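What follows is one structure encoded as structure tokens, with my remarks underneath.
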Amino acid sequence: ELKVEQNPLFLSMQEGKNYTIYCNYSTTSDRLYWYRQDPGKSLESLFVLLSNGAVKQEGRLMASLDTKARLSTLHITAAVHDLSATYFCAVLPTQGGSEKLVFGKGTKLTVNP
Amino acid sequence: NAGVTQTPKFQVLKTGQSMTLQCAQDMNHEYMSWYRQDPGMGLRLIHYSVGAGITDQGEVPNGYNVSRSTTEDFPLRLLSAAPSQTSVYFCASSYGGASTDTQYFGPGTRLTVL
């Protein structure tokens, strides 16, 4: 059974600082998603990572995937208040046609002025 | 395009009542799914469908039924609501499924079971 763990679960940081959110998973996978959720809202897709070494960047967010370590990171550069949200990683296991996406518990990010 | 729509937005039920959460999409997506989100738990897959007439169980299917008679609609039925089903429910869709495409999520239904 696939387990997905995010660290940290809560993150409070100051504007202008850098930080990294980690997503570890327990079985083989070659497709990993990152989503953002604002309070009381739905989920918005940020990145999809498809292969070992994949790196995607959008603004102050950069996501990477290491399939051998079963690890994805979401790096925040020079945080701004607008990035305050909950970030989820979601992993699709590599097992014959699986469509069962497994989510981490989420990292609630608060960026303080 | 309205995208993925869900009704109702909020619902309060008494234990034992039944209801159907509606989900519709106008993007001609084959894949649709239902998740529940509980505090501190992330999202958990309830049921999913890879096309009209085809459904399968997710991680937490007990207490829920689904059917997919059209490409556009994927209702979620609670036959006898229990307090443990208090949650926020999200419907999602994509053209090719989680194995090929990013999913688009609806706005959610907040359900309280007393």
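Read-outs throughout are calculated quantities, based only on the coordinates presented, and are distinct from any laboratory measurement. Fair warning: this is a prediction, and the values are worked out from it, not measured in the lab. Don't worry about glycine lacking a Cβ; one is built from the backbone with ideal geometry, like all the others, and counts go over all protein chains shown.
May I ask what percent, to the nearest 5, of DSSP beta bridges between residues of chain B are antiparallel?
Bridges in chain B are about 90 percent antiparallel.
Cross-link partners among lysines for residue B:9, C-alpha distance below 27 Å, same-chain residues fewer than 8 apart left out?
Correct list for residue B:9: A:41, A:100, A:105, A:108.
Give me A:91, A:55, A:4, A:48 ranked fewest to most by other Cβ atoms within 10 Å of their Cβ, as a rough exposure proxy.
A:55, A:48, A:4, A:91
Could you compute the FRET efficiency for residue B:2 and residue A:30, with r as their C-beta to C-beta distance and R0 at 35 Å, rounded to 0.05?
0.60
Taking the Cα centre of the protein assembly as shown as origin and charging only Cβ (+1 Lys, Arg; -1 Asp, Glu), how large is the dipole, in debye to the nearest 20?
520
Only loop residues by DSSP count here, and only those with at most 14 other Cβ atoms within 10 Å; note down the trypsin sites (Lys or Arg not before Pro) in region A:2-70 that meet that.
A:3, A:17, A:41, A:60, A:68
Could you work out the percent of alpha carbon pairs in chain B separated by over 22 Å, rounded to a whole number?
In whole percent, the share of Cα-Cα pairs in chain B beyond 22 Å is 25.
From Cα coordinates alone, what are the radius of gyration and Dmax values for chain A in angstrom?
13.6, 47
Less than 12 Å Cβ to Cβ from residue B:23, Lys/Arg counted +1 and Asp/Glu -1: what total charge do the surrounding residues give?
My count for the surroundings of residue B:23 gives -1.
Enter the mean number of other protein chain beta carbons within 10 Å of the beta carbon of each residue in A:43-56, as an integer. It would help to have the intermediate numbers written out before the result.
Numbers: counts 10, 2, 6, 1, 1, 5, 0, 0, 0, 0, 0, 0, 0, 0.
Mean number of neighbouring Cβ atoms from other chains: 2.
So for the protein assembly as shown, what are the equivalent ellipsoid semi-axes in whole Å, largest first, each being the square root of 5 times an eigenvalue of the Cα gyration tensor?
Working through the eigenvalues yields semi-axes of 30, 20, 16 Å.
Within region B:81-114, what residues put their amide N at less than 15 Å from the label point 7 Å along the Cα-to-Cβ vector of residue B:17?
The answer is B:81-87, B:110-114, whose backbone nitrogens lie closer than 15 Å to the label point.
Of A:16, A:27, A:37, whose Cα points farthest to the positive end of the dipole of chain A (charges on the beta-carbon: +1 Lys, Arg; -1 Asp, Glu; origin at the Cα centre)?
A:27
Local charge sum around residue A:79 (other residues, Cβ-Cβ under 15 Å, Lys/Arg +1, Asp/Glu -1)?
+1
All other residues with a Cβ under 12 Å from the Cβ of residue A:105 taken together, and with Lys, Arg as +1 and Asp, Glu as -1, what is their net charge?
Values: positive: A:3, A:108, B:44; negative: A:5, B:38.
Here the count lands on +1.
So for chain B, taking the charge dipole from beta-carbon charges (+1 Lys/Arg, -1 Asp/Glu), which of B:35, B:60, B:83 sits furthest toward the positive end?
Final value for the positive-end residue is B:83.
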